[in-house]
Amino acid sequence: MNNEAKTSQNDSKHVVILGAGPAGLACAHELAANDARVTVLERNGYVGGLCRTVHDAGYKFDLGGHRWFTKNEDLNNWFRRLMEGHLVMVQRISRIYYGGKYYMYPVALGDVIKNAGIVTIVKAGFAFIWAAVRYSVFNRPIKNMQDAYTAQFGATLYEMFFRHYTEKVWGKPCEELSADWVSQRSKGLSIWSVARESLSNRKTEVKSLIEEFMYPRDGYVRIPERMAEDVVRAGQRVLLGAAVKGIVVHGPKDIDVVYATSEGEHTIRATDVVSTIPLSLLAQMITPKASDAVVAAARSLSFRDLITVNLRLRRKQVSKDTWLYVQDARVLFGRLHEPKNWSKAMVPDDDHTSLVLECFCTLGDTIWSLSDDDVARRCVADLTEKLGFIKPDEVEGWSVVRTRFAYPVYDLEYADKLAQINEFLRRFEGLHIVGRGGTFRYNNADHSIEMGLLLGRKILGFDVDHMGVNTEPEYQEIKRADKIERDHYQLGAHLRPRVTQQVD
Ligand SMILES: Cc1cc2nc3c(=O)[nH]c(=O)nc-3n(C[C@H](O)[C@H](O)[C@H](O)COP(=O)(O)OP(=O)(O)OC[C@H]3O[C@@H](n4cnc5c(N)ncnc54)[C@H](O)[C@@H]3O)c2cc1C
(Lines give C-alpha, C1' and ligand atoms only; values in the text may rest on other atoms or scores of the structure.)
Protein backbone atom coordinates (compact mmCIF):
# COMPACT_ATOMS: atom_id res chain seq x y z
CA MET A 1 0.00 0.00 0.00
CA ASN A 2 1.50 3.37 -0.88
CA ASN A 3 1.67 6.21 1.63
CA GLU A 4 -1.10 8.27 0.05
CA ALA A 5 -3.52 5.36 0.15
CA LYS A 6 -2.53 4.67 3.75
CA THR A 7 -3.13 8.23 4.94
CA SER A 8 -6.45 8.57 3.14
CA GLN A 9 -7.89 5.88 5.43
CA ASN A 10 -7.69 8.31 8.32
CA ASP A 11 -8.72 11.54 6.68
CA SER A 12 -11.23 12.31 9.38
CA LYS A 13 -8.58 12.15 12.10
CA HIS A 14 -5.61 14.48 12.16
CA VAL A 15 -3.29 14.37 15.15
CA VAL A 16 -1.03 17.40 15.58
CA ILE A 17 1.89 16.78 17.91
CA LEU A 18 3.68 19.68 19.56
CA GLY A 19 7.38 18.87 19.96
CA ALA A 20 9.68 16.32 18.29
CA GLY A 21 11.37 15.01 21.43
CA PRO A 22 11.12 11.32 22.41
CA ALA A 23 7.52 11.60 23.69
CA GLY A 24 6.12 13.41 20.66
CA LEU A 25 7.94 11.20 18.18
CA ALA A 26 6.96 7.97 19.97
CA CYS A 27 3.32 9.04 19.81
CA ALA A 28 3.73 9.95 16.12
CA HIS A 29 5.51 6.63 15.49
CA GLU A 30 2.69 4.56 16.96
CA LEU A 31 0.03 6.56 15.12
CA ALA A 32 1.89 6.53 11.80
CA ALA A 33 2.49 2.78 12.06
CA ASN A 34 -1.26 2.38 12.36
CA ASP A 35 -2.11 4.61 9.40
CA ALA A 36 -3.28 7.69 11.29
CA ARG A 37 -2.62 11.14 9.84
CA VAL A 38 0.01 12.98 11.90
CA THR A 39 1.84 16.29 11.81
CA VAL A 40 4.66 16.95 14.27
CA LEU A 41 5.60 20.61 14.88
CA GLU A 42 9.07 21.22 16.30
CA ARG A 43 10.42 24.62 17.26
CA ASN A 44 14.08 23.61 16.79
CA GLY A 45 15.79 22.91 13.48
CA TYR A 46 16.46 19.33 14.68
CA VAL A 47 14.56 16.51 16.35
CA GLY A 48 15.36 15.02 19.77
CA GLY A 49 14.55 17.67 22.38
CA LEU A 50 16.67 16.93 25.46
CA CYS A 51 17.97 13.78 23.73
CA ARG A 52 20.16 15.91 21.51
CA THR A 53 23.63 15.01 20.22
CA VAL A 54 25.85 17.88 19.09
CA HIS A 55 28.51 17.27 16.42
CA ASP A 56 31.69 19.33 16.79
CA ALA A 57 35.01 18.85 14.96
CA GLY A 58 34.57 15.09 14.54
CA TYR A 59 33.32 14.58 18.13
CA LYS A 60 29.77 13.82 19.20
CA PHE A 61 28.38 15.12 22.48
CA ASP A 62 25.08 14.15 24.12
CA LEU A 63 23.42 16.70 26.27
CA GLY A 64 24.67 15.01 29.43
CA GLY A 65 25.16 11.23 29.47
CA HIS A 66 21.97 9.46 28.41
CA ARG A 67 21.64 5.70 28.82
CA TRP A 68 18.74 3.51 27.75
CA PHE A 69 17.12 1.58 30.55
CA THR A 70 13.61 0.36 31.20
CA LYS A 71 12.12 -2.30 33.45
CA ASN A 72 9.50 -3.00 30.80
CA GLU A 73 10.69 -5.90 28.64
CA ASP A 74 8.07 -5.22 25.97
CA LEU A 75 9.35 -1.69 25.61
CA ASN A 76 12.91 -3.06 25.46
CA ASN A 77 11.87 -5.36 22.62
CA TRP A 78 10.23 -2.47 20.79
CA PHE A 79 13.41 -0.46 21.32
CA ARG A 80 15.67 -3.24 20.00
CA ARG A 81 13.55 -3.48 16.86
CA LEU A 82 13.64 0.29 16.37
CA MET A 83 17.40 0.52 16.89
CA GLU A 84 18.50 -2.69 15.22
CA GLY A 85 22.07 -2.34 13.94
CA HIS A 86 22.63 0.94 15.83
CA LEU A 87 23.26 -0.25 19.39
CA VAL A 88 26.30 -0.95 21.53
CA MET A 89 26.34 -2.43 25.05
CA VAL A 90 28.00 -0.24 27.68
CA GLN A 91 29.40 -1.42 31.02
CA ARG A 92 28.15 0.95 33.65
CA ILE A 93 30.69 2.41 36.06
CA SER A 94 29.12 5.28 37.84
CA ARG A 95 30.86 6.95 40.74
CA ILE A 96 30.57 9.80 43.17
CA TYR A 97 33.63 11.96 43.75
CA TYR A 98 33.50 13.12 47.37
CA GLY A 99 36.25 14.40 49.64
CA GLY A 100 38.97 13.39 47.16
CA LYS A 101 37.74 9.78 46.95
CA TYR A 102 35.62 7.81 44.50
CA TYR A 103 32.52 5.95 45.70
CA MET A 104 30.49 3.58 43.59
CA TYR A 105 26.99 4.72 42.62
CA PRO A 106 24.52 3.22 43.44
CA VAL A 107 26.10 3.26 46.88
CA ALA A 108 27.76 -0.07 47.85
CA LEU A 109 28.43 -0.73 51.53
CA GLY A 110 31.84 -2.42 51.17
CA ASP A 111 33.04 0.46 49.06
CA VAL A 112 31.89 3.03 51.64
CA ILE A 113 33.65 1.08 54.42
CA LYS A 114 36.85 0.92 52.37
CA ASN A 115 36.87 4.60 51.40
CA ALA A 116 35.33 6.43 54.33
CA GLY A 117 36.85 4.41 57.15
CA ILE A 118 35.34 2.76 60.18
CA VAL A 119 34.71 5.99 62.14
CA THR A 120 32.48 7.39 59.38
CA ILE A 121 30.71 4.05 59.03
CA VAL A 122 29.93 3.86 62.73
CA LYS A 123 28.72 7.47 62.62
CA ALA A 124 26.58 6.69 59.57
CA GLY A 125 25.16 3.61 61.32
CA PHE A 126 24.15 5.62 64.41
CA ALA A 127 22.73 8.39 62.24
CA PHE A 128 20.65 5.84 60.38
CA ILE A 129 19.35 4.24 63.60
CA TRP A 130 18.46 7.70 64.91
CA ALA A 131 16.63 8.49 61.65
CA ALA A 132 14.80 5.15 61.79
CA VAL A 133 13.66 5.92 65.34
CA ARG A 134 12.47 9.40 64.43
CA TYR A 135 10.80 8.64 61.11
CA SER A 136 9.56 5.08 61.61
CA VAL A 137 9.03 4.68 65.35
CA PHE A 138 7.90 8.23 66.19
CA ASN A 139 6.39 8.82 62.74
CA ARG A 140 8.08 12.15 62.12
CA PRO A 141 6.46 13.43 58.90
CA ILE A 142 8.40 13.46 55.65
CA LYS A 143 7.82 17.03 54.57
CA ASN A 144 10.62 17.64 52.10
CA MET A 145 13.54 16.13 50.22
CA GLN A 146 15.91 16.34 53.17
CA ASP A 147 13.47 14.34 55.32
CA ALA A 148 13.04 11.78 52.55
CA TYR A 149 16.76 11.17 52.08
CA THR A 150 17.48 11.20 55.80
CA ALA A 151 14.70 8.71 56.52
CA GLN A 152 16.15 6.37 53.88
CA PHE A 153 19.87 6.73 54.54
CA GLY A 154 20.42 8.68 57.76
CA ALA A 155 21.93 12.16 58.06
CA THR A 156 25.58 11.17 57.50
CA LEU A 157 25.12 9.36 54.17
CA TYR A 158 22.65 12.02 53.01
CA GLU A 159 25.31 14.65 53.62
CA MET A 160 28.03 12.62 51.90
CA PHE A 161 26.23 11.38 48.82
CA PHE A 162 23.07 13.31 48.15
CA ARG A 163 22.89 16.87 49.47
CA HIS A 164 25.51 18.75 47.41
CA TYR A 165 24.63 17.21 44.07
CA THR A 166 20.89 17.49 44.63
CA GLU A 167 21.14 21.14 45.64
CA LYS A 168 23.29 21.87 42.60
CA VAL A 169 20.77 20.23 40.28
CA TRP A 170 17.78 22.05 41.71
CA GLY A 171 19.38 25.31 42.83
CA LYS A 172 17.51 25.18 46.16
CA PRO A 173 18.14 23.71 49.61
CA CYS A 174 16.69 20.20 49.95
CA GLU A 175 14.37 21.54 52.68
CA GLU A 176 12.58 23.60 49.98
CA LEU A 177 12.06 20.67 47.61
CA SER A 178 9.30 18.10 47.57
CA ALA A 179 9.95 14.57 48.83
CA ASP A 180 8.20 13.28 45.68
CA TRP A 181 11.38 13.34 43.66
CA VAL A 182 13.11 11.01 46.11
CA SER A 183 10.18 8.62 46.18
CA GLN A 184 10.07 8.65 42.36
CA ARG A 185 13.81 8.03 42.07
CA SER A 186 14.72 5.90 45.03
CA LYS A 187 11.72 4.45 46.83
CA GLY A 188 12.55 0.95 48.01
CA LEU A 189 16.25 1.77 48.20
CA SER A 190 17.57 2.33 51.68
CA ILE A 191 20.58 1.60 53.78
CA TRP A 192 19.02 -1.85 54.42
CA SER A 193 18.57 -2.68 50.75
CA VAL A 194 22.11 -1.48 50.04
CA ALA A 195 23.41 -3.67 52.88
CA ARG A 196 21.31 -6.66 51.80
CA GLU A 197 22.46 -6.20 48.23
CA SER A 198 26.14 -6.10 49.29
CA LEU A 199 25.88 -9.07 51.67
CA SER A 200 23.85 -11.28 49.33
CA ASN A 201 26.34 -10.72 46.53
CA ARG A 202 23.41 -9.64 44.34
CA LYS A 203 21.81 -13.05 44.17
CA THR A 204 18.46 -12.37 45.81
CA GLU A 205 15.28 -11.15 44.17
CA VAL A 206 17.10 -8.17 42.74
CA LYS A 207 18.37 -9.05 39.33
CA SER A 208 20.75 -6.21 38.72
CA LEU A 209 21.62 -2.66 39.57
CA ILE A 210 21.88 -1.98 35.86
CA GLU A 211 25.48 -2.91 35.31
CA GLU A 212 25.16 -2.84 31.56
CA PHE A 213 22.94 -0.80 29.28
CA MET A 214 22.12 -0.25 25.63
CA TYR A 215 23.31 2.89 23.90
CA PRO A 216 23.03 4.10 20.29
CA ARG A 217 26.54 3.91 18.77
CA ASP A 218 26.39 7.40 17.23
CA GLY A 219 24.81 9.24 20.12
CA TYR A 220 21.46 9.26 21.89
CA VAL A 221 19.79 11.45 19.28
CA ARG A 222 19.72 8.40 17.02
CA ILE A 223 16.68 7.19 19.01
CA PRO A 224 14.44 10.18 18.16
CA GLU A 225 16.00 10.33 14.69
CA ARG A 226 15.07 6.69 14.02
CA MET A 227 11.48 7.37 15.10
CA ALA A 228 11.30 10.47 12.88
CA GLU A 229 12.67 8.50 9.92
CA ASP A 230 9.89 5.91 10.29
CA VAL A 231 7.19 8.58 10.68
CA VAL A 232 8.29 10.33 7.48
CA ARG A 233 8.64 6.99 5.68
CA ALA A 234 5.03 6.27 6.62
CA GLY A 235 4.02 9.43 4.72
CA GLN A 236 3.51 11.67 7.77
CA ARG A 237 5.03 15.08 8.45
CA VAL A 238 7.69 16.29 10.89
CA LEU A 239 8.01 20.07 10.45
CA LEU A 240 11.18 21.60 11.89
CA GLY A 241 11.57 25.29 12.74
CA ALA A 242 7.84 25.37 13.52
CA ALA A 243 7.23 27.08 16.89
CA VAL A 244 3.74 26.65 18.32
CA LYS A 245 2.27 29.97 19.44
CA GLY A 246 -1.36 29.25 20.22
CA ILE A 247 -4.09 26.64 20.49
CA VAL A 248 -7.70 27.57 19.79
CA VAL A 249 -10.27 25.02 20.89
CA HIS A 250 -13.49 25.39 18.87
CA GLY A 251 -15.19 22.31 20.29
CA PRO A 252 -14.58 18.64 21.12
CA LYS A 253 -11.95 17.30 18.73
CA ASP A 254 -11.98 20.53 16.75
CA ILE A 255 -8.81 22.43 17.48
CA ASP A 256 -6.64 24.96 15.62
CA VAL A 257 -2.91 25.05 16.25
CA VAL A 258 -1.15 28.29 15.37
CA TYR A 259 2.58 28.05 14.66
CA ALA A 260 5.31 30.29 13.25
CA THR A 261 8.05 29.42 10.77
CA SER A 262 10.60 31.62 9.00
CA GLU A 263 7.89 32.20 6.38
CA GLY A 264 5.29 33.57 8.78
CA GLU A 265 2.34 32.36 10.82
CA HIS A 266 0.25 29.30 9.92
CA THR A 267 -2.83 27.56 11.28
CA ILE A 268 -3.43 23.83 11.16
CA ARG A 269 -6.68 22.02 12.06
CA ALA A 270 -6.58 18.96 14.32
CA THR A 271 -8.95 16.41 15.81
CA ASP A 272 -6.37 15.63 18.49
CA VAL A 273 -3.51 17.73 19.79
CA VAL A 274 -0.68 16.06 21.71
CA SER A 275 1.45 18.49 23.66
CA THR A 276 4.99 17.74 24.85
CA ILE A 277 5.90 21.40 25.28
CA PRO A 278 6.44 22.74 28.81
CA LEU A 279 3.13 22.49 30.66
CA SER A 280 3.54 25.98 32.09
CA LEU A 281 3.63 27.42 28.54
CA LEU A 282 0.81 25.26 27.19
CA ALA A 283 -1.63 26.42 29.85
CA GLN A 284 -1.01 30.04 28.80
CA MET A 285 -1.41 29.37 25.06
CA ILE A 286 -4.94 28.04 25.01
CA THR A 287 -8.09 29.86 23.94
CA PRO A 288 -10.59 29.88 25.69
CA LYS A 289 -8.23 31.34 28.24
CA ALA A 290 -7.52 29.87 31.63
CA SER A 291 -8.63 31.69 34.77
CA ASP A 292 -6.19 34.06 36.47
CA ALA A 293 -5.58 31.44 39.17
CA VAL A 294 -4.61 28.78 36.61
CA VAL A 295 -2.37 31.24 34.75
CA ALA A 296 -0.71 32.18 38.04
CA ALA A 297 -0.18 28.48 38.85
CA ALA A 298 1.30 27.92 35.37
CA ARG A 299 3.64 30.89 35.67
CA SER A 300 4.93 29.73 39.01
CA LEU A 301 5.80 26.18 37.88
CA SER A 302 9.52 26.37 37.43
CA PHE A 303 12.08 24.50 35.37
CA ARG A 304 15.81 24.23 35.87
CA ASP A 305 18.00 24.97 32.86
CA LEU A 306 21.32 23.45 31.85
CA ILE A 307 24.61 24.54 30.32
CA THR A 308 26.78 21.72 29.00
CA VAL A 309 30.45 22.29 28.27
CA ASN A 310 31.81 19.89 25.64
CA LEU A 311 35.58 19.59 25.95
CA ARG A 312 37.75 18.13 23.20
CA LEU A 313 40.90 16.57 24.67
CA ARG A 314 44.25 15.41 23.31
CA ARG A 315 44.47 12.41 25.59
CA LYS A 316 43.43 8.76 25.37
CA GLN A 317 41.16 8.54 28.43
CA VAL A 318 40.37 10.61 31.54
CA SER A 319 38.50 8.03 33.63
CA LYS A 320 36.83 4.66 33.30
CA ASP A 321 33.46 6.02 34.39
CA THR A 322 30.28 6.30 32.42
CA TRP A 323 29.17 9.07 34.79
CA LEU A 324 31.00 10.84 37.59
CA TYR A 325 28.96 12.81 40.13
CA VAL A 326 31.06 15.57 41.65
CA GLN A 327 29.93 16.23 45.21
CA ASP A 328 31.96 19.38 45.73
CA ALA A 329 30.28 22.74 46.21
CA ARG A 330 33.44 24.56 45.00
CA VAL A 331 33.17 23.03 41.53
CA LEU A 332 30.87 24.69 38.94
CA PHE A 333 29.62 21.51 37.28
CA GLY A 334 27.72 18.75 39.05
CA ARG A 335 28.32 15.75 36.83
CA LEU A 336 30.52 14.74 33.95
CA HIS A 337 30.71 11.92 31.46
CA GLU A 338 33.29 10.76 28.96
CA PRO A 339 31.50 9.92 25.68
CA LYS A 340 34.29 7.59 24.48
CA ASN A 341 33.51 5.28 27.41
CA TRP A 342 30.00 4.93 25.99
CA SER A 343 30.88 4.46 22.32
CA LYS A 344 34.18 4.73 20.44
CA ALA A 345 32.24 6.42 17.61
CA MET A 346 31.85 9.53 19.81
CA VAL A 347 35.47 10.61 19.19
CA PRO A 348 37.41 11.08 15.93
CA ASP A 349 40.22 8.63 16.82
CA ASP A 350 41.66 6.64 19.70
CA ASP A 351 44.28 9.26 20.62
CA HIS A 352 41.56 11.69 21.64
CA THR A 353 38.79 11.75 24.16
CA SER A 354 36.25 14.28 25.39
CA LEU A 355 34.25 15.29 28.45
CA VAL A 356 30.76 16.71 28.88
CA LEU A 357 30.35 18.83 32.02
CA GLU A 358 26.84 19.59 33.27
CA CYS A 359 26.29 22.98 34.88
CA PHE A 360 22.80 23.27 36.35
CA CYS A 361 21.37 26.77 36.36
CA THR A 362 18.29 28.93 35.86
CA LEU A 363 17.76 31.50 33.12
CA GLY A 364 19.19 34.80 34.38
CA ASP A 365 21.08 33.43 37.41
CA THR A 366 24.80 33.94 37.94
CA ILE A 367 25.83 30.81 36.03
CA TRP A 368 23.46 31.44 33.10
CA SER A 369 24.68 35.07 32.93
CA LEU A 370 28.30 34.01 32.37
CA SER A 371 29.49 34.07 28.74
CA ASP A 372 29.99 30.68 27.06
CA ASP A 373 33.75 31.06 27.22
CA ASP A 374 33.67 32.03 30.89
CA VAL A 375 31.62 28.94 31.79
CA ALA A 376 34.04 26.74 29.83
CA ARG A 377 37.12 28.38 31.38
CA ARG A 378 35.69 27.93 34.89
CA CYS A 379 35.03 24.25 34.18
CA VAL A 380 38.55 23.72 32.80
CA ALA A 381 40.04 25.47 35.84
CA ASP A 382 37.99 23.25 38.17
CA LEU A 383 39.10 20.12 36.29
CA THR A 384 42.77 21.08 36.26
CA GLU A 385 43.29 22.98 39.53
CA LYS A 386 40.66 21.73 42.00
CA LEU A 387 40.20 18.15 40.81
CA GLY A 388 43.44 17.44 38.93
CA PHE A 389 41.57 15.32 36.35
CA ILE A 390 43.29 16.78 33.26
CA LYS A 391 46.21 19.07 32.33
CA PRO A 392 45.49 22.49 30.77
CA ASP A 393 47.49 21.74 27.58
CA GLU A 394 45.35 18.65 26.88
CA VAL A 395 42.35 20.86 26.06
CA GLU A 396 42.04 21.28 22.29
CA GLY A 397 38.82 23.28 22.35
CA TRP A 398 35.23 23.42 23.55
CA SER A 399 31.67 24.10 22.60
CA VAL A 400 28.93 25.23 24.97
CA VAL A 401 25.25 24.30 24.72
CA ARG A 402 22.46 26.09 26.61
CA THR A 403 19.24 24.19 27.20
CA ARG A 404 16.04 25.61 28.64
CA PHE A 405 13.41 23.55 30.50
CA ALA A 406 15.78 20.68 31.35
CA TYR A 407 14.34 19.71 34.76
CA PRO A 408 10.83 20.23 36.16
CA VAL A 409 11.37 21.56 39.68
CA TYR A 410 9.32 19.78 42.36
CA ASP A 411 9.07 22.60 44.87
CA LEU A 412 6.86 22.26 47.93
CA GLU A 413 3.77 23.61 46.13
CA TYR A 414 4.16 22.02 42.70
CA ALA A 415 1.55 19.27 43.20
CA ASP A 416 -1.25 21.77 43.95
CA LYS A 417 -0.32 23.93 40.97
CA LEU A 418 -0.24 20.86 38.75
CA ALA A 419 -3.68 19.76 39.92
CA GLN A 420 -5.15 23.18 39.04
CA ILE A 421 -3.62 23.19 35.57
CA ASN A 422 -4.66 19.62 34.84
CA GLU A 423 -8.21 20.35 35.88
CA PHE A 424 -8.32 23.22 33.38
CA LEU A 425 -6.85 21.06 30.57
CA ARG A 426 -9.24 18.16 31.19
CA ARG A 427 -12.06 20.32 29.81
CA PHE A 428 -10.74 20.04 26.28
CA GLU A 429 -11.62 16.78 24.58
CA GLY A 430 -8.90 15.94 22.07
CA LEU A 431 -6.14 17.84 23.89
CA HIS A 432 -3.60 15.47 25.46
CA ILE A 433 -0.42 16.05 27.44
CA VAL A 434 2.58 13.71 27.46
CA GLY A 435 6.32 13.69 28.19
CA ARG A 436 8.66 15.27 30.69
CA GLY A 437 8.02 19.02 30.41
CA GLY A 438 4.64 18.21 28.87
CA THR A 439 3.29 16.60 32.05
CA PHE A 440 5.81 18.25 34.41
CA ARG A 441 7.03 14.84 35.50
CA TYR A 442 10.66 13.81 36.05
CA ASN A 443 10.69 11.35 33.15
CA ASN A 444 13.60 9.52 31.67
CA ALA A 445 13.55 9.07 27.90
CA ASP A 446 12.11 5.56 28.22
CA HIS A 447 9.22 6.94 30.29
CA SER A 448 8.54 9.65 27.72
CA ILE A 449 8.68 7.11 24.89
CA GLU A 450 6.42 4.68 26.73
CA MET A 451 3.96 7.47 27.50
CA GLY A 452 4.04 8.57 23.85
CA LEU A 453 3.44 5.05 22.54
CA LEU A 454 0.58 4.49 24.96
CA LEU A 455 -1.00 7.84 24.14
CA GLY A 456 -0.76 6.97 20.44
CA ARG A 457 -2.61 3.76 21.19
CA LYS A 458 -5.17 5.57 23.32
CA ILE A 459 -5.91 7.93 20.40
CA LEU A 460 -6.24 4.85 18.17
CA GLY A 461 -8.90 3.57 20.56
CA PHE A 462 -7.09 1.23 22.92
CA ASP A 463 -8.01 1.21 26.58
CA VAL A 464 -4.65 2.29 28.00
CA ASP A 465 -3.52 4.97 30.42
CA HIS A 466 -0.35 6.80 29.43
CA MET A 467 -0.42 8.84 32.65
CA GLY A 468 0.31 5.71 34.70
CA VAL A 469 3.88 5.57 33.37
CA ASN A 470 6.66 6.55 35.78
CA THR A 471 4.48 6.23 38.85
CA GLU A 472 5.80 2.83 40.00
CA PRO A 473 6.54 2.83 43.72
CA GLU A 474 9.99 1.31 43.37
CA TYR A 475 13.56 2.44 42.98
CA GLN A 476 14.17 2.92 39.28
CA GLU A 477 17.69 1.51 39.31
CA ILE A 478 16.54 -1.94 40.40
CA LYS A 479 15.39 -4.51 37.93
CA ARG A 480 13.77 -7.56 39.42
CA ALA A 481 14.11 -11.09 38.17
CA ASP A 482 10.35 -11.24 37.58
CA LYS A 483 10.34 -8.72 34.78
CA ILE A 484 7.50 -6.31 34.31
CA GLU A 485 5.57 -6.55 31.07
CA ARG A 486 3.03 -3.80 30.94
CA ASP A 487 1.90 -3.81 27.38
CA HIS A 488 2.65 -5.08 23.90
CA TYR A 489 4.28 -2.63 21.59
CA GLN A 490 3.97 -4.58 18.40
CA LEU A 491 3.87 -1.99 15.72
CA GLY A 492 2.03 -2.44 12.51
CA ALA A 493 -1.22 -2.01 10.72
CA HIS A 494 -2.43 -5.43 11.91
CA LEU A 495 -3.08 -3.88 15.33
CA ARG A 496 -6.62 -2.72 15.69
CA PRO A 497 -8.45 -1.18 18.63
CA ARG A 498 -9.37 -3.83 21.18
CA VAL A 499 -12.07 -2.33 23.30
CA THR A 500 -13.76 0.74 24.68
CA GLN A 501 -13.33 4.34 23.70
CA GLN A 502 -15.00 5.29 20.49
CA VAL A 503 -12.71 7.44 18.41
CA ASP A 504 -14.29 9.46 15.63
C1 LIG B 1 21.36 16.12 31.65
C2 LIG B 1 20.29 15.12 31.35
C3 LIG B 1 20.60 13.76 31.41
C4 LIG B 1 19.62 12.81 31.14
N5 LIG B 1 19.96 11.48 31.18
C6 LIG B 1 19.04 10.56 30.82
C7 LIG B 1 19.39 9.18 30.78
O8 LIG B 1 20.50 8.78 31.09
N9 LIG B 1 18.45 8.30 30.37
C10 LIG B 1 17.20 8.68 30.03
O11 LIG B 1 16.40 7.83 29.65
N12 LIG B 1 16.82 9.98 30.10
C13 LIG B 1 17.71 10.92 30.48
N14 LIG B 1 17.35 12.25 30.54
C15 LIG B 1 15.94 12.62 30.31
C16 LIG B 1 15.56 12.72 28.84
O17 LIG B 1 16.38 13.62 28.16
C18 LIG B 1 14.11 13.20 28.80
O19 LIG B 1 13.30 12.38 29.60
C20 LIG B 1 13.49 13.17 27.42
O21 LIG B 1 14.25 13.84 26.47
C22 LIG B 1 12.12 13.82 27.49
O23 LIG B 1 11.52 13.72 26.26
P24 LIG B 1 10.20 14.57 25.96
O25 LIG B 1 9.85 14.32 24.55
O26 LIG B 1 9.23 14.29 27.02
O27 LIG B 1 10.65 16.09 26.15
P28 LIG B 1 11.77 16.97 25.37
O29 LIG B 1 12.95 16.14 25.06
O30 LIG B 1 11.94 18.16 26.23
O31 LIG B 1 11.02 17.35 24.03
C32 LIG B 1 10.09 18.40 23.95
C33 LIG B 1 10.19 19.02 22.56
O34 LIG B 1 9.22 20.05 22.43
C35 LIG B 1 9.79 21.11 21.68
N36 LIG B 1 9.07 22.36 21.94
C37 LIG B 1 9.03 23.10 23.06
N38 LIG B 1 8.27 24.20 22.89
C39 LIG B 1 7.80 24.14 21.63
C40 LIG B 1 6.94 24.98 20.86
N41 LIG B 1 6.40 26.11 21.36
N42 LIG B 1 6.67 24.63 19.58
C43 LIG B 1 7.18 23.48 19.04
N44 LIG B 1 8.01 22.65 19.73
C45 LIG B 1 8.31 22.98 21.00
C46 LIG B 1 11.22 21.16 22.20
O47 LIG B 1 12.07 21.87 21.32
C48 LIG B 1 11.55 19.67 22.29
O49 LIG B 1 12.09 19.18 21.09
C50 LIG B 1 18.30 13.22 30.82
C51 LIG B 1 18.00 14.59 30.77
C52 LIG B 1 18.97 15.53 31.04
C53 LIG B 1 18.62 16.98 30.99
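General remarks:
- Charging the Cβ of each Asp and Glu at -1 and of each Lys and Arg at +1, and nothing else, the dipole of the range 47-91 about its Cα centre rounds to 40 debye.
- Residues of the range 69-104 with amide N under 19 Å of a point placed 7 Å along Cα→Cβ from Ala329: 97-101
- In sequence order, the range 341-354 has phi-based couplings of 6, 9, 7, 4, 6, 7, 10, x, 7, 6, 7, 10, 9, 8 Hz under the Karplus curve 6.51 cos²θ - 1.76 cosθ + 1.60, θ = phi - 60°, and Gly or Pro positions carry x.
- Using 0.36 nm per residue and subtracting the Cα-Cα separation, the extra length available between Phe126 and Phe389 on full extension is 91.2 nm.
- Integer Hz, Karplus 6.51/-1.76/1.60 couplings in order for the range 245-252, x for Gly and Pro: 10, x, 10, 10, 8, 8, x, x
- Segment Glu176-Asp256, extension gain: residue separation times 0.36 nm, minus the distance between their alpha carbons: 24.9 nm
- Order by protection proxy (mean Cβ within 10 Å, highest first), peptides 62-70, 259-267: 62-70, 259-267
- Distant-in-sequence amide H partners of Arg217 (H built 1.01 Å from N, under 5 Å): Leu87, Val88
- 28 Å Cα-Cα threshold exceeded, pairs from Lys60/Lys417; Lys143/Lys289; Lys101/Lys340; Lys71/Lys458; Lys13/Lys60; Lys71/Lys417: Lys60/Lys417; Lys143/Lys289; Lys13/Lys60; Lys71/Lys417
- Scoring 443-456, 425-438 by mean Cβ neighbours within 10 Å over their residues and listing the highest first yields 443-456, 425-438.
- Label-point separation, Ala296 to Asp463 (7 Å along Cα→Cβ), nm: 4.2 nm
- Gain on full stretching of the segment that runs from Glu211 to Arg314 - 0.36 nm per residue minus C-alpha separation: 34.2 nm
- A simple charge model with +1 on the Cβ of Lys and Arg, -1 on the Cβ of Asp and Glu and nothing else charged puts the dipole of the range 303-408 at about 200 debye relative to its Cα centre.
- Ranked by the mean number of other Cβ atoms within 10 Å of their residues, highest first, the peptides 27-39, 298-310, 316-328, 85-97 come out as 27-39, 298-310, 316-328, 85-97.
- Label separation (Asp56 vs Lys344): 2.5 nm, computed from points 7 Å beyond Cα along the C-beta direction.
- Relative contact order %, the chain, counting alpha carbon pairs below 8 Å whose residues are six or more apart: 26 percent
- Between Ser369 and Lys101, the distance separating the two model label sites (each 7 Å from Cα on the Cα→Cβ line) works out to 3.9 nm.
- Cα-based Rg / Dmax (Å) for the chain: 23.3, 73
- Per-pair calculated FRET efficiency, R0 = 60 Å: Ala243 and Ile118 via Cβ, rounded to 0.05: 0.55
- Solvent-accessible surface of the chain, taken per residue with a 1.4 Å probe and all protein chains present: 42 Å².
- Net charge in the neighbourhood of Glu396 (other residues with Cβ under 13 Å of its Cβ; Lys, Arg +1, Asp, Glu -1) is -1.
- Cα lying deepest toward the dipole's positive end in the chain, options Ser369, Ala234, Ala127, charges on Cβ: Ala127
- For the chain, the share of accessible area belonging to carbon and sulfur comes to 52 percent (1.4 Å probe, ligands and nucleic acids excluded).
The values are calculated or read from the model by the stated rules, or taken from the named source; none is laboratory data. Bear in mind that the values here come from a model prediction, so they are computed numbers and not experimental data. All Cβ positions, even for glycine, are placed from backbone atoms using ideal geometry, and neighbour counts span all protein chains on display. SASA here: full protein model, heavy atoms, side chains in, ligands and nucleic acids out. Shrake-Rupley method; radii C 1.70, N 1.55, O 1.52, S 1.80 Å.
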